Structures are given as structure tokens and as C-alpha cells.
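Everything below concerns the one structure shown next.
The values are calculated or read from the model by the stated rules, or taken from the named source; none is laboratory data. The structure presented is a predicted model; accordingly, all values stated were derived computationally and were not measured. Note that each Cβ is placed from the backbone with ideal geometry, even for glycine, and that neighbours are counted across all protein chains shown. Accessible surface is based on the protein model in full, side chains and every heavy atom, while ligands, DNA and RNA are left aside. Shrake-Rupley method; radii C 1.70, N 1.55, O 1.52, S 1.80 Å.
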Amino acid sequence: PLNVISGRAEMILSDPDRSPDRIAKHATAVKTESERISKIIQKLLHFSRRSPSQKSKHDLREVIHHSVELIQPLADKQQVELIANLPATPAEASFDFNQIQQVIMNLIDNAVAASLANQTVCICLHPQPIDGQWKVEIIDKGSGIEKNQLDVIFEPFFTTKEVGSGTGLGLSIVHGIIEEHSGSIDCQSDLEMGTTMAVRIPAGQDPAKKVST
């Protein structure tokens, strides 16, 4: 982004024409890249000093439904259909609503970005806890991830997106949030076949208040 800003500023200074239309075009690019720098800095700060979780009892269906609503405009723009398969009964757990929403939104956003037009992204919440944990899966049929990259996708600054399209912090932040909730996240993927991200969150008792026996 800094290279773009510097280059556009140089073009404005050196352009003998300097017509309002050309200046406006360069200024728009400067504004867009400045906003992107701001977002990168916010992610860096969030990664380096994430605030402690504020856990309380919530229904996982609610956070998934809200996340899908927020991502829907992006999915519509990409012509990708979002499908939420949620159980009819509550899926209660103790978690930080905003942090888990960030997790779900990030995973849906990645799935949409990996998908082609007219493909679907499915967000599935299993109807019953498995081994004391709720399981949420975000499934796409997109470009997939190479096998040799699966072990490093949660490391900071690693990204499969094109240069300028991602910071490589999203999945590392997701991993940290899930760890803080005493849960787990894993990925299964095949090139050109799609990716399944599985998030597990402890059900029932607040993981921060374990009962000793």
C-alpha cells in the first residue's frame, strides 16, 4: 500500500496535465490504500494485544446467524450462496460472543474468497455435542489448499491469497481465540475440491471454571 501511495503522489507531482479527473483518480487510489494500511495496523494490534475473553452463556446458532447476515452482501457480490444448517434446539455454550463471531466471519469470508460464482458455502452446526464439544463446520467447494501448506496455515503472516489481498493474520487470530476458549480448529482440504474448517467449542460449563475432582 505504501508503494502505491508513494507512486500515485509522485504521478500527481510529475503529471504536466494535472486535470481534475486524473488527480481525483490518483487521490482515490491513495485513499483506498490508506484505508488498507489502517486495517492492516488494526489487525497487527489486535494480534499483538488481544483483549481477554469476556465469556457468558450464548446460543451458537445466534452467533452463526448474525455472522451469515453480516457476510451475506459480500457473498452476493461474489455470487456465492451461503447455506446455514442449524439445529432446531439451542446450542448453548459459554463464550465471548464478539470473539466467536470474529472467528465465524473470518472463516466464512475465506470460504467465499476461495469460491467461484454459483458455488455454495455451508455453515453447519452439529445438533448435539460431540465429546462435550459443539462442532461448527464451514465447508466450501473452492480452490482448496495444498497439502504442504496445511501445517502452516495458522501461523502468523502466512496467506494463500494474492499479494495485497490478505495480511496472513486472520487464521492466526482465529486459532488464538479458539485456544483461549479451550476449543480446537482443524482443516481438511484438497486442491480444486474445497476446504472444510472444523471448529470445536466446549459445551455447557465455562471452560475457565473447571471442577476439580
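The residue of segment 42-61 that is most open to solvent (accessible area, probe 1.4 Å), among those that are part of a helix (DSSP H, G or I) and modelled with pLDDT of 90 or more, is ARG61. Scanning segment 1-41 for residues that are of a type in the set (Gly, Ala, Ser) and part of a helix (DSSP H, G or I) yields SER6, GLY7, ALA9, SER14, ALA24, ALA27, ALA29, SER34, SER38.
Annotation note: Cβ proximity below 9 Å between a residue of segment 50-73 that is over 19 Å from ILE108 (Cα atoms) and a residue that is assigned to a strand (DSSP E or B) and open to solvent by 60 Å² or more (accessible area, probe 1.4 Å) (sequence gap 6+ or interchain) occurs for LYS57/GLU92; HIS58/GLU92.
Among the strands (runs of 3 or more DSSP E) confined to segment 62-140, the ones with at least 1 residues that are of a type in the set (Val, Ile, Thr) and more than 26 Å from SER182 (Cα to Cα) are located at 81-85, 120-125.
Just one of (1) within 16 Å of the chain's Cα centre (by Cα); (2) over 24 Å from PRO202 (Cα atoms); (3) open to solvent by 60 Å² or more (accessible area, probe 1.4 Å) fails for GLY144. It is (3). Among the residues of segment 88-111, those that are open to solvent by 20 Å² or more (accessible area, probe 1.4 Å) and under 16 Å from HIS126 (Cβ atoms) comprise ALA88, THR89, PRO90, GLU92.
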